[in-house]
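What follows is calculated from the coordinates using simple rules that are stated; it is not laboratory data. Model, not experiment: these values are computed from the prediction. Don't worry about glycine lacking a Cβ; one is built from the backbone with ideal geometry, like all the others, and counts go over all protein chains shown.
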Amino acid sequence: MNNTLEIVKTIKEALEDKKGEDIDILDISGVTVVGDYFVVASADNLVQLSAMKDEVEERLYKDYKLSPKNVEGKRGSSWILIDYGDVIVHLFTREDRAFYDLERIWKDGRRVEV
């Protein structure tokens, strides 16, 4: 497993630890230059969403000394994007995930399991 996939696996584990739901990993490397992977997950509420964001950031810093290049949608937002360059994490409330439907928009990306 290359380093990027190890990072994706760590993100997935962090999200699972905070009870993130419907975690999808899309390989978008052949579709766009914005990154190699999207990790998409849902939360039941804004508090859980914030906890998921914090856990991802803490784990990636602790394990890889990685800080996000950018974070969009801070506390109180129903869509949080954490940009690590090669990996972009999208965290949604259920309602916003259904509304924006990234998996449909990026359907040319390949779903992967880690």
statement: The exposure ranking of THR4, THR93, fewest beta-carbon neighbours within 10 Å first, is THR4, THR93
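Taking neighbour counts of Cβ atoms within 10 Å as a proxy for exposure, in what order, fewest first, do ILE23, ILE105 appear? Don't skip to the end; give the middle numbers.
On the way: ILE23 15, ILE105 9.
Ordered from fewest to most neighbouring Cβ atoms within 10 Å, ILE23, ILE105 come out as ILE105, ILE23.
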task: Could you run the Karplus curve 6.51 cos²θ - 1.76 cosθ + 1.60 with θ = phi - 60° over the range 32-37 and give me ³J(HN,Hα) per residue in whole Hz, x for Gly and Pro?
output: 8, 9, 5, x, 9, 9
- line: Checked against the structure, the computed mean projected area of the Cα convex hull in nm² among [x] 9.3; [y] 6.3; [z] 11.6 is the one labelled [y]
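In debye to the nearest 20, how big a dipole does the range 39-114 give about its Cα centre with +1 on each Lys and Arg Cβ and -1 on each Asp and Glu Cβ?
On the way: 13 positive and 15 negative charges, 14 e Å.
That gives a dipole near 60 debye.
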query: Taking a point 7 angstrom from the Cα of ASP44 along the C-beta vector, which residues in the range 76-103 have backbone N less than 19 Å away?
result: 76-79, 91-98
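Give me the extension gain from VAL33 to ASP101: residue separation times 0.36 nm, minus the current Cα-Cα distance, reported in nm with one decimal.
Details: separation 68, 0.36 × 68 = 24.48 nm, distance 2.02 nm.
Full extension from VAL33 to ASP101 adds 22.5 nm.
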- prompt: In whole Å, what is the distance between the alpha-carbon centres of the range 7-42 and the range 86-114?
  reply: 8 Å
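What percent antiparallel are the DSSP beta bridges of the chain, to the nearest 5?
Values: 15 of 22 bridges.
Close to 70 percent.
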message: Based on alpha-carbon atoms only, what is the radius of gyration of the range 55-114 relative to the globular estimate 2.2 N^0.38 Å?
response: 1.23
task: Please order GLU72, GLU13, GLU55 by the number of other Cβ within 10 Å, starting at the fewest.
output: GLU72, GLU13, GLU55
